Amino acid sequence: MLIGRIIGWLLTLAGLASGGASAVGWYQTGEFRLMAAGEMWFRLAPDSLNLVQAIIQRYLFPQLWDPILQTILLWPALFVLLVPGLLLVWLCRRR
């Protein structure tokens, strides 16, 4: 339960940081645009994104990458990180 809460809080903080980065971009350019999860991953670690894609397509299940994970990577990083983070924090809370 403690590990779930820690992971949940880390995901929540990463989601909020993504929203903050989008807000800074909005302030600088005057155009509001939420950063996609794939774009954020590519900015942070482009080699790992390519590696994960290759592993999934070659060794695991190729259909998992194209319709499913590719769609998720196009969603805003704020929601991709924040929703599972808050869900984990809520599910792993002390009762």
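Quick one: Arg58 ticks every box in (1) free of Cβ contacts under 8 Å to residues at least 60 places away in the same chain; (2) under 17 Å from the mean Cα position of the chain (by Cα); (3) open to solvent by 80 Å² or more (accessible area, probe 1.4 Å) except a single one, so which number is it?
It is condition (2) that Arg58 fails.
So Leu34 ticks every box in (1) assigned to a helix (DSSP H, G or I); (2) in contact with a strand residue (DSSP E or B) (Cβ under 8 Å, 6 or more places away or on another chain) but one. Which box is left unticked?
(1)
Taking the residues in region 21-42 that are loosely packed, with under 12 Cβ neighbours inside 10 Å and of a type outside the set (Asp, Glu) as candidates, determine which candidate is nearest to Gln70 (Cα to Cα).
Arg33
Since Arg93 meets every condition but one in (1) touching a residue at least 24 places away in the same chain (Cβ under 8 Å); (2) part of a helix (DSSP H, G or I); (3) open to solvent by 50 Å² or more (accessible area, probe 1.4 Å), which condition does it not meet?
Single failed check for Arg93: (2).
Can you find a residue that is open to solvent by 50 Å² or more (accessible area, probe 1.4 Å), part of a loop (DSSP other than H, G, I, E, B) and modelled with pLDDT under 90 anywhere in region 70-82?
No, region 70-82 contains no residue that is open to solvent by 50 Å² or more (accessible area, probe 1.4 Å), part of a loop (DSSP other than H, G, I, E, B) and modelled with pLDDT under 90.
The values are calculated or read from the model by the stated rules, or taken from the named source; none is laboratory data. Computed from a prediction, not measured in an experiment: that's the story for all the values here. For neighbour counting, all protein chains shown are included, and Cβ atoms are generated from backbone atoms with ideal geometry for every residue, glycine included. These area figures cover heavy atoms from the full protein model, side chains too; ligands, DNA and RNA do not enter into them. Shrake-Rupley method; radii C 1.70, N 1.55, O 1.52, S 1.80 Å.
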